[in-house]
Amino acid sequence: MQTFLEVEKISVGYGTTTVLADLDLGIGKGEFVALLGSSGCGKTTLLRTIAGFARPSAGSIQVDGRDVTQMAPDRRGMALVFQSYALWPHMTVAQNIGYGLKLQKRSRGDIEAKVAEMQDLLGLSGLGNRKPGQLSGGQRQRVALGRALAIDPEILLLDEPLSNLDARIRLTVRHEIRSLQQRLGITAIHVTHDREEAMVMADRIVIMNAGRIEQQGSPEAVYNKPASPFVAAFMGAENLLSMQARVTGEQIELHEGAFNSSTVTARSGRKLLSGPVELRFRAEAARLVSNNDTAAREPGALELRGQVASVSYPGGHWRHAVRLGTDEILVDSITPFAQGETVKVRIPAQSLFIFNTPEAPAPAH
């Protein structure tokens, strides 16, 4: 895909604090990209810099080969939907949607036609004379979206636009935004801290950490092949085990420990060195079986022996905290095991994310 928006060597800071340093990002025309990360990682600063509301100390931003780095926000061909919606409370729905067009000094006929088109597109027909205070959260979000889309931007920027909506409405609106983006073929950049939201909406996820890009790729690639312990944990693999490993050719031997026998699993392209490693896996990826289960484990799978410390039911499955000495891991099962019961935890090879611990030498690339 040809790059449409190019962020090159961008650095941004506030006072003595560096928020983004030497960051590169390319986005294709019509692509939906989610900037994902926890609070303070720099994702909103990156979005505001692209929009023109934050000025970089170094680097450039280009749109379709045009340098917009020093341009005012309204000259960039972009529209930003704010987290707070930022609607004018004294204006009607129609006036809010048409506000950008009025600033562009478009004719009254043009504005009325475009506003009607946006209201129809967003399911707001018949609400044009209402004020924002008379609307639901989902309706206010659609008005904010309509105002952004009315000016026909080349790039739509979304700053956590769903965070103020309740969970049920959020599911509907995120589907609407994604469908609309695909129908219009517009380039979109969406800031969120919600992993599932990024997964279902975006073509590509860019995971940020401490002002830099930790990993980017399709939702499937980032979820199934996290490039670092941070990404693995952020994508739900929060269970953590420390072990010793020996890497030989295309095999990894995980050494025997107090709660596991020796296991040999495939290297599968991992850049690993022999020495201390950390393993991460998701609660739903492991399988819980009774201690007297004699079924052979799958090739390359890791088997742990532990004791059920607690059991809860979050819905659809039972969640078990399994104690391994002083550590605990979480494992889901469709049937509950008794508290205090000795169990085996089996983790398939493809669900094990293995990384050298920070003390180990960095692997060669």
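Points worth noting:
- Whichever residue in segment 219-242 is crowded, with 20+ Cβ neighbours inside 10 Å and aliphatic (A, V, I, L, M) and, among such residues, is farthest from the chain's Cα centre (by Cα): Leu241
- Within segment 281-317, the set of residues being closer than 23 Å to Phe234 by Cα, out of contact with any helix residue (DSSP H, G or I) (no Cβ under 9 Å at 6 or more places or on another chain) and crowded, with 17+ Cβ neighbours inside 10 Å comprises Ala283, Arg287.
- Subset of segment 151-164 [over 15 Å from the mean Cα position of the chain (by Cα) and modelled with pLDDT under 90]: Ile151, Asp152, Asn164
- Verdict on Arg130 being farther than 21 Å from Pro89 by Cα and either surrounded by fewer than 17 Cβ atoms within 10 Å (Cβ to Cβ) or more than 27 Å from the chain's Cα centre (by Cα) (or both): no
- Filter result for Pro336 (assigned to a loop (DSSP other than H, G, I, E, B) and touching a residue at least 12 places away in the same chain (Cβ under 8 Å)): yes
- Per-region count, segment 203-218, residues crowded, with 21+ Cβ neighbours inside 10 Å and under 12 Å from the mean Cα position of the chain (by Cα): 5
- Top-ranked residue in segment 88-123 [being of a type in the set (A, V, I, L, M, F, W, C) and out of contact with any Leu (no Cβ under 9 Å at 6 or more places or on another chain); ranked as surrounded by the most Cβ atoms within 10 Å (Cβ to Cβ)]: Leu101
- Index of the failed condition, Tyr85 passing every other in (1) in contact (Cβ under 8 Å) with a residue 60 or more places away in the chain; (2) surrounded by fewer than 18 Cβ atoms within 10 Å (Cβ to Cβ); (3) among the hydroxyl-bearing types (Ser, Thr, Tyr): (2)
- Near pairs, Cβ below 9 angstrom, 6+ apart or cross-chain, from segment 88-114 (touching a residue at least 24 places away in the same chain (Cβ under 8 Å) and of a type in the set (D, E, K, R)) to any residue that is surrounded by 11 or more Cβ atoms within 10 Å (Cβ to Cβ) and outside any helix (DSSP H, G or I): Lys114/Gly98; Lys114/Arg106; Lys114/Ile151; Lys114/Asp152
- Here segment 165-194 is the region considered, the condition is being surrounded by fewer than 18 Cβ atoms within 10 Å (Cβ to Cβ) and under 14 Å from the mean Cα position of the chain (by Cα), and the residue that is farthest from Ser38 (Cα to Cα) is Asp194.
The values are calculated or read from the model by the stated rules, or taken from the named source; none is laboratory data. Predicted, not measured: the structure shown is a model, and the values here were computed from it. Because the Cβ atoms are built from the backbone with ideal geometry, glycine has one as well, and the counts that use them run over all protein chains shown.
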